[in-house]
Amino acid sequence: MSGSSAALQPPADAVRPVRHPDAPAPGELLGAHYGQCFGCGGEQAHGLHLAARAGEGVSVTAEFTVRPAHQGAPGLAHGGVLATALDETLGSLNWLLRTIAVTGRLETDFARPVPVGTVLYLEAEVTAVAGRKIYSTATGRIGGPDGPVAVRAEALFIEVKVDHFIDNGRPEEIRAAMDDPDQVRRARAFEVNP
């Protein structure tokens with residue numbers, strides 16, 4: 001990163017992240033946390049349909065293909081879409097901690113344009129935890145894990161209770177998620193983002 005803010009620097013008493021014993025195994029596809037999520041949901045026609053996999057330790061990898069609906073300038077991905085891909089990948093890390101958390105701060109560096117049709121390969125890891133604060137980083141590369149770096153991010157996620165979503169979300173959608181008989185899907189519906 002080109003000089004991240006002090007808010008993204010873990011305090012001296014921060015600890016190394018610990019992967020939850022019930023976290024998905026390395027290589028396991030994490031799947032969408034919510035069908036309507038713009039980042040990973042399959043029910044969003046123009047969404048990213050980002051597919052994340054558990055990595056080693058507290059890390060994930062993800063991929064998405066930049067489609068014409070994701071353009072900013074002609075033929076190039078919109079910067080906001082790239083920031084969304086980073087945020088979604090970083091948010092997926094919380095599933096490895098088995099923590100409900102929301103994005104508190106996201107700082108993004110754009111290193112090169114990303115053309116429509118490109119597969120963006122993303123890697124993210126939690127770097128530190130301090131109380132309810134979760135510090136993490138991510139990198140997006142064009143074409144694969146060894147491709148040129150296109151985007152980077154540092155983030156701060158804040159652990160919250162499910163009440164955060166119940167109190168602030170649309171009641172009918174919250175009820176539908178809470179009434180889902182699938183325990184894992186119900187828990188994951190409230191996984192990431194403010």
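The values are calculated or read from the model by the stated rules, or taken from the named source; none is laboratory data. No experiment lies behind these values; they were computed from the predicted model shown. Cβ atoms come from the backbone with ideal geometry, glycine included; neighbour counts cover every protein chain shown. With ligands, DNA and RNA removed, areas are computed over all heavy atoms of the protein, side chains included. Shrake-Rupley method; radii C 1.70, N 1.55, O 1.52, S 1.80 Å.
Gain in length, A111 to Q44, computed as 0.36 nm per residue apart minus the alpha-carbon separation, to one decimal in nm? Write out the running numbers ahead of the final one.
On the way: separation 67, 0.36 × 67 = 24.12 nm, distance 2.78 nm.
Here the segment from A111 to Q44 would lengthen by 21.3 nm.
First measure r as the distance between the Cβ atoms of E28 and A6, then evaluate 1/(1 + (r/R0)^6) with R0 = 35 Å and state the FRET efficiency to the nearest 0.05.
Efficiency at R0 = 35 Å is approximately 0.50.
Taking the solvent-accessible surface of protein heavy atoms with a 1.4 Å probe, what is the per residue accessible area of region 64-156 in Å²? Walk me through the numbers on the way to the answer.
Numbers: 3540 Å² over 93 residues.
It amounts to 38 Å² per residue over region 64-156.
Quick check: net charge around D109, other residues with Cβ under 12 Å of its Cβ, Lys/Arg +1 and Asp/Glu -1?
Numbers: positive: R112, R152; negative: E107, E154.
It works out to a net charge of 0.
Could you rank E107, E63 by how accessible they are, 1.4 Å probe, largest area first? Before the final figure, lay out each step's value.
Details: E107 35, E63 90 Å².
Largest to smallest exposure gives the sequence E63, E107.
So what is log10(I(q)/I(0)) for region 51-139 at q = 0.16, 0.20, 0.22 1/Å, when the Debye sum runs over its Cα atoms only?
Summing over Cα pairs of region 51-139 leads to -0.63, -0.91, -1.04.
Between T65 and T103, how many nm apart are label points set 7 Å from Cα along the C-beta direction?
Between T65 and T103, the simple spin-label model gives 2.4 nm.
Which order do you get for H78, H33 if you rank them by accessible area with a 1.4 Å probe, largest at the top? Please list the in-between numbers first.
Working: H78 90, H33 15 Å².
Heavy-atom accessible area, descending, gives H78, H33.
With each pseudo-label sitting 7 Å past Cα toward Cβ, what's the H78-K161 distance in nm, one decimal?
It is 3.6 nm.
Compute the normalised compactness of region 1-153: alpha-carbon radius of gyration over 2.2 N^0.38 Å, N being the residue count. Before the final figure, lay out each step's value.
Numbers: Rg = 15.0 Å, N = 153, 2.2 N^0.38 = 14.9 Å.
Compactness ratio reported: 1.01.
Counting only protein chains, not ligands or nucleic acids, how are T99, T65 ordered by accessible area (probe 1.4 Å), most first?
Values: T99 30, T65 65 Å².
Order by accessible area, largest first: T65, T99.
Please state the charge dipole magnitude for region 1-81, taken about the Cα centre, from unit charges on C-beta atoms (+1 on K and R, -1 on D and E), reported in debye and rounded to the nearest 20. Can you show the working numbers first?
Numbers: 4 positive and 6 negative charges, 32 e Å.
With only Lys, Arg, Asp and Glu charged at Cβ, the dipole is about 160 debye.
At a 1.4 Å probe radius, carbon and sulfur cover how many percent of the accessible area of region 56-163? Numbers along the way, then the final one.
Details: 2150 of 4310 Å².
Within region 56-163, the accessible surface is 50 percent carbon and sulfur.
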